[in-house]
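Report on the structure given below.
The values are calculated or read from the model by the stated rules, or taken from the named source; none is laboratory data. Quantities reported herein were computed from a predicted structural model and do not represent experimental measurements. Glycine gets a Cβ as well: all are built from the backbone with ideal geometry, and neighbour counts include every protein chain shown. Calculation scope for accessible area: heavy atoms of the full protein, side chains included, ligands and nucleic acids excluded. Shrake-Rupley method; radii C 1.70, N 1.55, O 1.52, S 1.80 Å.
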Amino acid sequence: MREPAILIDGAELTLGTGRSQVHVLRQASLVAAPGEMIGLIGPSGSGKSTLLMVVAGLERVDRGRVVVAGRDYSDMDEDALAAFRGDKIGFVFQAFHLMQTMTALENVAVPLELAGKADAFARAEKMLARVGLGERLSHYPAALSGGEQQRVAIARALVTEPAILIADEPTGNLDEDTGREIADLLFETVREHATTLLLVTHDRTLAERCDRTVRIASGHIEPVSDDKAPPARERAAASPA
């Protein structure tokens, strides 16, 4: 049996103190297979973004177990977690979070440079071409449309070939047509790289494009539908030669 890409078992997390204390996660459990795409839905304040931070190791649970790409977070200090994130986890956010003083090429090359890759700019250029921005390498974020900025963010997230991609409302700042294009690109590139995707969205239609949808309500993770077929790459792998 293959080791899960993400294993969260009985996670409990409380934030704040005194009267401002909030129980964000309550016995939350989730298992994601390698290459699986999971859509995470739920009302505002239900714990969706906090769960992403837990998977990224940016929030430590009070109780429970978190294992990502074979590493148990309870055994890792902050330096080890930071190095692990840089190697294994990519991020795509609603607000893009690009460096405004850097070109598209420089933005995408940053994680590779931090990892000490000598071919950082060559790989960044190739990834930008892959997302349709091969002619926009020298443009700064301010000169790019919202959809183009999100393409840069997707390229930056996937250029290190991470095992896990965390996407928090990746189409939330885009108009409907551009959002659809970005969603198509996101799913296509994730499948191409066999990356495990954890996607937070308020858009149920977008979530349903994933292999499976789960819901967070008051800190609990609840299955929404388990009747969808397994990912095509898993069906292919299971088929006899």
Out of A32, A28, report the one residue that is open to solvent by less than 60 Å² (accessible area, probe 1.4 Å) and under 14 Å from the mean Cα position of the chain (by Cα).
A32
Looking only at segment 68-81, how many residues end up being among the basic types (K, R) and crowded, with 16+ Cβ neighbours inside 10 Å?
0
Considering only segment 141-184, state which residues are farther than 21 Å from L52 by Cα, of a type in the set (S, T, N, Q) and touching a Leu at 6+ places or on another chain (Cβ under 8 Å).
Q149
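If you scan segment 42-54, which residues turn out to be of a type in the set (A, V, I, L, M) and surrounded by fewer than 22 Cβ atoms within 10 Å (Cβ to Cβ)?
L52, M53
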I need the full set of residues from segment 221-230 which are more than 20 Å from the chain's Cα centre (by Cα) and either of a type in the set (A, V, I, L, M, F, W, C) or at pLDDT 90 or above (or both), in order please.
A229
Filter segment 1-21 down to residues that are touching a Gly at 6+ places or on another chain (Cβ under 7 Å) and open to solvent by 80 Å² or more (accessible area, probe 1.4 Å) and give me whichever is modelled with the lowest pLDDT.
E3
Show the residue pairs that are 6+ apart or on different chains and have beta-carbon atoms under 7 Å apart, the first residue being within segment 75-104 and without any contact (Cβ under 8 Å) to a residue 40 or more places away in the chain, the second being of a type in the set (K, R) and open to solvent by 50 Å² or more (accessible area, probe 1.4 Å).
F84/R71
Got a sec? Which of T205, T213 is within 14 Å of I41 (Cβ to Cβ) and in a helix (DSSP H, G or I)?
T205
State which residue pairs qualify: first residue more than 17 Å from L52 (Cα to Cα) and inside segment 186-205, second residue in a helix (DSSP H, G or I) and hydrophobic (A, V, I, L, M, F, W, C) in any location, beta carbons under 7 Å apart, and separation of 6 or more residues or different chains.
L186/I154; T189/I154; T189/L158; H193/L158
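So which residues in segment 82-102 are part of a loop (DSSP other than H, G, I, E, B) and open to solvent by 60 Å² or more (accessible area, probe 1.4 Å)? Full working, then the answer.
Pass one, segment 82-102, residues part of a loop (DSSP other than H, G, I, E, B): 94-102.
The answer is Q94, H97, M99, Q100, T101.
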